[in-house]
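Taking it in order: structure first as structure tokens, then the write-up.
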Amino acid sequence: MLNPTYRFTAIACLFAGVLAGCDTQEGESAQGGEEISLETESHAFTGFVDRTHAGRAIPEVELVDPAGITLALAETSGKPVLLNLWATWCAPCVVEMPLLDDLAGEMSQDLRVLTVSEDLQGADKVVPFFETHGFENLPRWMDPDNALAFSFGGGGALPLTILYDAEGREVWRVIGAYDWASDEARALVAEAGGADG
């Protein structure tokens with residue numbers, strides 16, 4: 001078990017890095033700041049594909065939803081997984097959400113899209129956000145201890161989206177906002193192959 005002082009310092013460092021990487025509104029504090037609106041925000045899709053981590057196993061991290069249901073990521077094999085780390089205070093994350101919702105609905109037979117909130121306030125932020133925007137195909141998973149963010153090295157930018165094949169091995173990751181409605185996105189997702197059997 002981590003020393004509480006070390007854990008607090010590690011979390012503070014992680015979010016300092018996340019804040020530096022995520023494009024937020026000028027003068028607005030990220031954690032605890034105002035929620036970004038889909039209707040008023042526009043953001044360029046500046047995300048890029050990184051293949052340097054290809055072959056790594058999906059992290060052995062447990063997620064939780066607002067009802068307290070848990071999901072062990074390591075037990076999601078059998079179908080490719082598109083794992084997206086996001087937060088309500090992250091402008092490019094919010095811009096991506098409806099695109100990911102559409103992708104999840106369109107590709108539900110061949111791909112499992114898992115959106116994971118990194119909001120420190122957890123369900124207090126996630127539930128109202130989903131209720132306001134009415135996403136029909138995205139899960140409300142949360143990473144309350146930031147274990148998932150730490151498993152990716154901490155200090156990374158949001159959004160971060162990683163594609164895993166049906167065996168739970170990383171294919172690529174996209175760092176930053178990406179146009180998930182594009183033909184290029186469909187071609188990238190196809191690299192994971194279909195579900196087994």
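The values are calculated or read from the model by the stated rules, or taken from the named source; none is laboratory data. Keep in mind the model is a prediction, meaning the values are calculated, not measured. Cβ placement follows ideal geometry from the backbone for every residue including glycine, while neighbour counts extend to all protein chains displayed.
What do you reckon, is Gly122 small (Gly, Ala, Ser), farther than 26 Å from Arg51 by Cβ and modelled with pLDDT under 95? Judged against the criteria, Gly122 is a match.
So that you can scan it fast, the table gives a plain yes or no per residue for (1) surrounded by fewer than 21 Cβ atoms within 10 Å (Cβ to Cβ); (2) in contact with an Asp or Glu (Cβ under 8 Å, 6 or more places away or on another chain):
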{"residue": "Leu100", "(1), (2)": "no, no"}
{"residue": "Ala104", "(1), (2)": "no, no"}
{"residue": "Gly134", "(1), (2)": "yes, no"}
{"residue": "Pro139", "(1), (2)": "yes, yes"}
{"residue": "Asn146", "(1), (2)": "yes, yes"}
{"residue": "Leu160", "(1), (2)": "no, no"}
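Okay, residues lined up against (1) within 28 Å of Ala190 (Cα to Cα); (2) of a type outside the set (Asp, Glu); (3) out of contact with any helix residue (DSSP H, G or I) (no Cβ under 7 Å at 6 or more places or on another chain):
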| residue | (1), (2), (3) |
| --- | --- |
| Asp102 | yes, no, yes |
| Gly105 | yes, yes, yes |
| Val126 | no, yes, yes |
| Phe130 | yes, yes, yes |
| Asn137 | yes, yes, no |
| Asn146 | no, yes, no |
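Would you mind telling me which numbered condition in (1) more than 13 Å from the chain's Cα centre (by Cα); (2) surrounded by 15 or more Cβ atoms within 10 Å (Cβ to Cβ); (3) more than 15 Å from Thr161 (Cα to Cα) Pro128 fails? Among (1) more than 13 Å from the chain's Cα centre (by Cα); (2) surrounded by 15 or more Cβ atoms within 10 Å (Cβ to Cβ); (3) more than 15 Å from Thr161 (Cα to Cα), the lone unmet condition for Pro128 is (2). For the stretch 65-144, no strands (runs of 3 or more DSSP E) sit wholly inside it while including 2 or more residues that are over 22 Å from Val171 (Cα atoms) and in contact (Cβ under 8 Å) with a residue 24 or more places away in the chain. Within the stretch 87-99, one or more residues are under 14 Å from the mean Cα position of the chain (by Cα), small (Gly, Ala, Ser) and more than 22 Å from Pro59 (Cα to Cα). Among the criteria (1) surrounded by fewer than 20 Cβ atoms within 10 Å (Cβ to Cβ); (2) at pLDDT below 95, the one Val95 does not fulfil is (1).
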